[in-house]
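Participant: Next up is a structure, given as structure tokens.
The values are calculated or read from the model by the stated rules, or taken from the named source; none is laboratory data. It should be emphasised that the depicted structure is a prediction, and the values quoted were computed from it without experimental measurement. No Cβ is skipped: glycine too gets one built from the backbone with ideal geometry, and neighbour counts run over all protein chains shown. Heavy atoms of the whole protein, side chains included, go into the accessibility calculation; ligands, DNA and RNA do not. Shrake-Rupley method; radii C 1.70, N 1.55, O 1.52, S 1.80 Å.
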Amino acid sequence: MSSVALADILKNIYSFVQILEGSRNDMVNSWDESALANAFQWARYCEQVYRQAEGKPYRKDLDSQIRAIGQLPLALGDVQICLETLKGSTETLRKSLLQNPHLSDHLFTAVITSYGVTPGAKQDLIKDCFQLSQTKAVGQMTSNLASLVEKTDSGQSELNRCQARLLWRHIKTVLSSSYKKERSESYITAKLVATACDQNGIEILLHVLLTQDDTGQCTKIMECKQFVLKWMLQNLALRKSIQKKGVPDLWQAPKQFLVKVAAEYFSFFTAYIQFLVQLGSDMSLEYGGSGMEYTWRFMHGKDSKTFSYAILLEHFAELLKSDQHVTSAVVKTLESLALKSEVNI
């Protein structure tokens, strides 16, 4: 196969990949019957590419080039772009559309009709509808949950966990399967910044670090988690970074989540303790006057709007209710600080 022919094929495959990406989001709002027919035409083209490549000497090279397309930051969920995937392009497109709550009713009917009327096609339709109904229902519930979370804190917390699981899957897919590391890391960094600046974004990022992943890819999972953790500690935990970049303060997140992450990651625990110790060091003992007791206050009003002596105690109290290895480390830290008279804690 000539380089020109290969370039044309890859360009066409990329066109289908873009259509597939659009079939998973609200872009389908602008689709009509013509656009839907065009999408299925591209799917059939990709299936033809697969059939023509069978047994050919260029098959391996073509597969490698197609996989390179899949390394681009694309919102395709669990769909892995490779030559083998092209074999079922029509099926993949159908499933994406049937799971999309933005698909209009008349196009939904058109997708169902595309299965055909043969007994085998009917069985495929029944199987796909059974498998996808649960996924579609979950998607609809997640979309509708936002209107319910105003009523309960537990609803908001569940929504945050759902968003964290989706974000984690996307982060892992992009970082673990990309051959352009710098580009992928830049893309994920932008995602992290956007998430952090959203309402409840810090809690969502903490949930990402706590998300359980049983896929068995231990090394890749840890590498991805460490990337997120390192970014958070460098950009959300340092006081100078917070003030300079205008990003949210990591340490204002709910204490129970900070403690859970501290129990899982030693570097996070270290940064957390250092922050609390520094917070205590910035306080001085003052007399309230008029019979009031002595109290700890921030010198020069520093951090007085978001933190207080009472809040500092709450953080340590939460840490002391954590796992044994955390409580032991906290106790040792406090005992060591008690011997240093210059530390006000």
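Participant: Just to be sure I understand the filter: pairs with C-beta atoms under 6 Å, separated by 6 or more residues or on different chains, first member in segment 251-262 and closer than 13 Å to residue 164 by Cβ and in a helix (DSSP H, G or I), second member modelled with pLDDT of 90 or more and open to solvent by less than 20 Å² (accessible area, probe 1.4 Å). Which pairs pass?
Facilitator: Hits for this filter: 257/206; 261/206; 261/209; 261/268.
Participant: Still on this model: Search segment 21-38 for residues being open to solvent by less than 20 Å² (accessible area, probe 1.4 Å) and in contact with a Leu (Cβ under 6 Å, 6 or more places away or on another chain), and hand back the single one that is nearest to residue 103 (Cα to Cα).
Facilitator: 28
Participant: Considering only residues that are within 24 Å of residue 35 (Cα to Cα), at pLDDT 60 or above and open to solvent by 70 Å² or more (accessible area, probe 1.4 Å), which ones fall in segment 102-123?
Facilitator: Residues satisfying the conditions are 102, 105, 106, 108, 109, 113.
Participant: A further question on this structure: Tell me, which residue of segment 163-184 that is at pLDDT 80 or above and in contact with a helix residue (DSSP H, G or I) (Cβ under 7 Å, 6 or more places away or on another chain) is most open to solvent (accessible area, probe 1.4 Å)?
Facilitator: Of everything passing the filter in segment 163-184, 163 is most open to solvent (accessible area, probe 1.4 Å).
Participant: I want to confirm something. Restricting to segment 4-20 and keeping residues that are more than 17 Å from residue 93 (Cβ to Cβ) and open to solvent by less than 70 Å² (accessible area, probe 1.4 Å), which single residue is farthest from the chain's Cα centre (by Cα)?
Facilitator: That would be 5.
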